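Provided herewith is a single structure, encoded as structure tokens, for subsequent inquiry.
The values are calculated or read from the model by the stated rules, or taken from the named source; none is laboratory data. All figures in this text were calculated on a predicted structure; none of them were measured in a lab. Here the Cβ is made from the backbone with ideal geometry for all residues, glycine too, and neighbour counts use every protein chain on show.
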Amino acid sequence: MSDIADTTSSAVFEDSEQRLEQETRERQLEEALAHERAYVDRLYDRLEVVREETREKLAQVRRDAPGGSHQNRSERDAYATHYEDRLAQLDAVDHRLVFGRLDLDDASTRYIGRIGLADADYERLMVDWRAPEAGTFYQATAFDRQGVQRRRHLILERRTLRNIEDDVLDPDFLDGEEVLHGEGALLAALNRKRTGRMGDIVATIQAEQDRIIRSELPGVHVVQGGPGTGKTAVALHRAAYLLYTNRERLQKSGVLVVGPSTSFMWYIERVLPSLGETGVVMSSLATLYPGIHAVAERDVDVARLKGSLAMVEVVKRAVADRQKVPERTQRLRVDSSTVELTPQQVRHARDRARATGKPHNQARETFVKILVGQLADQLERQLNESSGNDTDRPYLVEDVRQSRDVRVALNLAWMPLRAETLVGDLFGKRHYLTSAAPWLEDAQVEAMLREPGAPFTEADVPLLDEAAELLGDFEAAVGHAAARAAAEHSANLENATKALENVDAQLEEFGVNGVVTAEMLAGMNRTGAARMTAAEAATSDRTWAYGHVVVDEAQELSPMQWRLLMRRCPMKSFTIVGDIAQASAAAASASWDEALEPFLGGRFQLDELTVNYRTPAQISEAAVSMARAAGLEVSAPRAVREGEWAPRVVRTDDVAAAVARSVAEDLSIVAGGLIGVIAAEPEYAAVARAVTEAHREVVGSSETALERQVLVLTPWEAKGLEFDAVVIAEPASVIRAARGVVGDLYVSMTRPTQRLTMVCAEEVPAGLEEWAEDGRA
Ligand SMILES: Nc1ncnc2c1ncn2[C@@H]1O[C@H](COP(=O)(O)OP(=O)(O)OP(=O)(O)O)[C@@H](O)[C@H]1O
């Protein structure tokens, strides 16, 4: 009895002790929250002041009367551009402005946020996450404190501080205080419902990711990592980091971010603006050639052929084929006379033009000049013989140039060409293709040929680029309008340079040099009132040399696509992220060495990411089991979350209907979450119809609207994306559509953050048997 009484009283005692501890913790948390809220308010007040000052300066610039010299106008434009960009940046960082605080060994504190802020007396209030002093926020650990005693995560929702989360690295720091814990900043971020748009991860970048983000600029960094390891997030944050640390250089030359598809670019397009970086060019593989929006290449054999480096020679031959020597001597009328053009003359002129080493359209000038000169000689001789008088040579040359017969003959031999015409003809007219690629088998020729005028495909894009390199500038070759524009541009450039000499000194007060370059100003002048950023200028210029290129889902690139990208960045400064195991494009390489060797030799640095932040462990396990059963080598990253739901394999006779039912279930379970329905070609139409009929108001696709709660996508479109729940229609068919390779199914299975359902009428793919349930009616 007394034992029981003892136990009870000690339990009561423990209970009250625990309650006391709990109360102390809550009080300390409230006090800390109150303190931090006051600081957060101070930061927002300061942001508002800086914003107001910038607005005022912009208004002032705009108030200045229009007119004045060209140089004055350029100067004003430069200021206006700068203030507009600064305002856009200040607006962009408003949401969750600050997210960290460090307490350091020297008893100082340091707040970490999206930008740096100082008060009116230049006292630092907040450090930009990219500044060297912010590095320890991501890197310090209990084993390697780097002078950090406590790292505090400030968890904001828009402007409001909701919670704090402490990592105490030095136990002495606590001095009787409790460690304050919330859900955990990382888990809170990972458990958030997906919106369909990727968000930034500045507040919770993990140490292995931070090391890659902050690595030095030069050279090529390849980041290999399994699904969900944050490759995309890391690549985009690295772009923001590089823009911050190499602002002067990269703002002038620009940064290009390349991803596989339009849906993927749409998914990631808000990350950099949310980090205050707007001047980055984003392009899918379909839009890398200015002015062309290519369609998918449906035939995998054709994609493989067009992606191979053998195409370099094919394009070269296709251009050479357009420099033709006629079989017979031609008689050409020039006014009332007739001159003769022999095949030997044409061959000789062609060889000399080729020997200039200039591109086709520019070498043509040499070709034309030689032949016009020779024909003028003939004409001169004839006229001198008949009249006995000397004729005026310049007039004769002009007569020859103007002769219709001469123009036709020279054009037939060496026509100025656009890349679009060359590549369009190459696949539109059999004789061009068989002449340029005599090694092709008949079936390959048949597969590559298409209706003349058919749209260009993604696999054509590098060929267009290759052709454009060999052909040179078409406009300059055919008309003088372009030459005039170029002269005007160079005059603008001169004015702009002068204007900038004045502007630069004054812009330094922002600590930003070369925000607007002479090139940009000249570009602005070119487009009249419309202002043009380096990014905009770069987008329309195929020959633009970017300062850095980020390639995402890089495992998909064909050798020809790599060749194009290398041309876009002659400095060879790249961040390349991908997962070789996820490759599905026909012309993709089997390893990073194989992909990059032809362009870089072995000169690249390979880093690896090892933690999966997206897919719960249970779902990852099923995906890895399926991949390994099919013999696909996958790196299986460690999942940070266990997950609430096991993956389901539902057996059915009616795939489309069962998919629609699963979507209904997911809609009710992950209420408000995002649902991805993934179907390969054969099922796609029926599935899209069934899902749309059942959930009309919330369904979208890449063809209709991506901003919907339920998206129906092909495996290719789903690449790189993520959803709260994923329903895969007929996995066996996804494998078949990828010609038996399970990479696409593996990618599709690793898209969910919470739930995965696979609906099968056919056989359940090997490795997934243990998850199969019989849902047949
Ligand atoms: N440090 C982090 N903090 C918070 N979220 C993170 C972190 N790292 C990654 N994530 C989240 O994990 C998810 C997966 O990241 P991401 O899409 O970059 O991975 P990935 O490696 O490119 O994936 P995949 O190759 O499968 O397309 C995203 O929602 C991303 O925001």
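So, in the range 716-758, how many residues would count as being part of a strand (DSSP E or B), polar (S, T, N, Q) and within 15 Å of the ligand (Cβ to nearest atom)?
2
State yes or no: is Pro273 surrounded by fewer than 21 Cβ atoms within 10 Å (Cβ to Cβ) and within 24 Å of Val98 (Cβ to Cβ)?
Here the answer is yes, as Pro273 does meet what is asked.
Keeping to the range 747-764, report how many residues are under 17 Å from Gly631 (Cβ atoms) and modelled with pLDDT of 95 or more.
So the count comes out to 1.
Could you tell me which residue of the range 40-56 is farthest from Tyr111 (Cα to Cα), considering only residues that are buried (at least 17 other Cβ atoms within 10 Å of the Cβ) and over 33 Å from the mean Cα position of the chain (by Cα)?
In this case the residue turns out to be Arg46.
Here's a follow-up. Looking at Leu565 and the list (1) away from the ligand (no atom under 16 Å from the Cβ); (2) of a type in the set (A, V, I, L, M); (3) outside any helix (DSSP H, G or I); (4) touching a strand residue (DSSP E or B) at 6+ places or on another chain (Cβ under 7 Å), which single condition is not satisfied?
(3)
Which residues, taken from the range 307-317, are outside any loop (DSSP other than H, G, I, E, B) and in contact with a helix residue (DSSP H, G or I) (Cβ under 8 Å, 6 or more places away or on another chain)?
Correct list: Gly307, Met311, Val312, Val314, Val315, Lys316, Arg317.
From the list Ala529, Ala535, Ala581, pick out the single residue that is within 16 Å of the ligand (Cβ to nearest atom), modelled with pLDDT under 90, at negative phi and not β-branched (Val, Ile, Thr).
Working: Ala529 fails: within 16 Å of the ligand (Cβ to nearest atom); Ala535 fails: within 16 Å of the ligand (Cβ to nearest atom).
It is Ala581.
Ala623 passes all but one of (1) assigned by TED's automatic domain parsing to the domain that holds Val271; (2) within 16 Å of the ligand (Cβ to nearest atom); which number fails?
Ala623 satisfies every listed condition except (1).
Residues checked against (1) touching a helix residue (DSSP H, G or I) at 6+ places or on another chain (Cβ under 8 Å); (2) not in a helix (DSSP H, G or I):
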| position | (1), (2) |
| --- | --- |
| Gly373 | yes, no |
| Leu383 | yes, no |
| Pro394 | no, no |
| Val397 | yes, no |
| Gly453 | yes, yes |
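I'd like to know if the range 586-603 contains one or more residues that are in contact with a strand residue (DSSP E or B) (Cβ under 9 Å, 6 or more places away or on another chain) and part of a strand (DSSP E or B).
No: the range 586-603 contains no residue that is in contact with a strand residue (DSSP E or B) (Cβ under 9 Å, 6 or more places away or on another chain) and part of a strand (DSSP E or B).
If you scan the range 604-615, which residues turn out to be within 12 Å of the ligand (Cβ to nearest atom) and either outside any loop (DSSP other than H, G, I, E, B) or in contact with a strand residue (DSSP E or B) (Cβ under 7 Å, 6 or more places away or on another chain) (or both)?
Within the range 604-615, Glu608, Leu609, Thr610, Val611, Asn612, Arg614, Thr615 qualify.
Here's something else I'd like to know. Within the range 663-684, which residues are touching a residue at least 24 places away in the same chain (Cβ under 8 Å) and either touching a His at 6+ places or on another chain (Cβ under 9 Å) or of a type in the set (A, V, I, L, M, F, W, C) (or both)?
Result: Val663, Ala664, Leu667, Ile669, Val670, Leu674, Ile675, Val677, Ile678, Ala679, Ala680.
Please go through (1) part of a helix (DSSP H, G or I); (2) of a type outside the set (Gly, Ala, Ser); (3) in contact with a His (Cβ under 8 Å, 6 or more places away or on another chain) for Leu412 and return the number of the only condition it doesn't satisfy.
Single failed check for Leu412: (3).
Tell me, yes or no, whether the range 710-717 has at least one residue that is farther than 28 Å from Gly672 by Cα, assigned by TED's automatic domain parsing to the domain that holds Val634, modelled with pLDDT of 90 or more and in contact with a strand residue (DSSP E or B) (Cβ under 8 Å, 6 or more places away or on another chain).
no
Among residues belonging to the range 179-210 that are at pLDDT 80 or above and part of a loop (DSSP other than H, G, I, E, B), point out the one that is farthest from Thr136 (Cα to Cα).
So the residue we want is Arg197.
Moving on. Taking only the range 200-238 into account, find how many residues are small (Gly, Ala, Ser), within 19 Å of Gly113 (Cβ to Cβ) and more than 11 Å from the ligand (Cβ to nearest atom).
Going through the range 200-238 one residue at a time, the tally reaches 0.
With Val258, Val302, Val280 as the choices, which residue is more than 13 Å from the ligand (Cβ to nearest atom), in contact (Cβ under 8 Å) with a residue 60 or more places away in the chain, closer than 26 Å to Arg542 by Cα and not assigned by TED's automatic domain parsing to the domain that holds Arg568?
Every option except Val302 fails the conditions.
Shifting gears a bit: With the condition kept exactly as written, say whether any residue in the range 286-297 is free of Cβ contacts under 8 Å to residues at least 40 places away in the same chain, among the small types (Gly, Ala, Ser), in contact with a strand residue (DSSP E or B) (Cβ under 8 Å, 6 or more places away or on another chain) and under 17 Å from Ala459 (Cα atoms).
No - not one qualifying residue is present in the range 286-297.
Across the range 239-255, which residue is farthest from the ligand (Cβ to nearest atom) among those that are within 26 Å of Leu190 (Cα to Cα) and touching a strand residue (DSSP E or B) at 6+ places or on another chain (Cβ under 6 Å)?
The selected residue is Leu242.
Next question, about the same structure. If you scan the range 626-641, which residues turn out to be within 12 Å of the ligand (Cβ to nearest atom) and either of a type in the set (Phe, Trp, Tyr) or under 27 Å from the mean Cα position of the chain (by Cα) (or both)?
Val634, Ser635, Pro637, Ala639, Val640
Which condition breaks for Tyr267 when tested against (1) hydroxyl-bearing (Ser, Thr, Tyr); (2) touching a helix residue (DSSP H, G or I) at 6+ places or on another chain (Cβ under 6 Å); (3) over 15 Å from His548 (Cα atoms)?
Unmet for Tyr267, out of (1) hydroxyl-bearing (Ser, Thr, Tyr); (2) touching a helix residue (DSSP H, G or I) at 6+ places or on another chain (Cβ under 6 Å); (3) over 15 Å from His548 (Cα atoms): (2).
Between Ser620, Ser625, Ser635, Ser591, which is crowded, with 21+ Cβ neighbours inside 10 Å and hydroxyl-bearing (Ser, Thr, Tyr)?
Result of the check over Ser620, Ser625, Ser635, Ser591: Ser620.
Looking at the range 23-137, what strands (runs of 3 or more DSSP E) fall wholly within it and have at least 1 residues that are without any contact (Cβ under 8 Å) to a residue 24 or more places away in the chain and under 23 Å from Asp166 (Cα atoms)?
The qualifying strands (runs of 3 or more DSSP E) are 109-113, 124-128.
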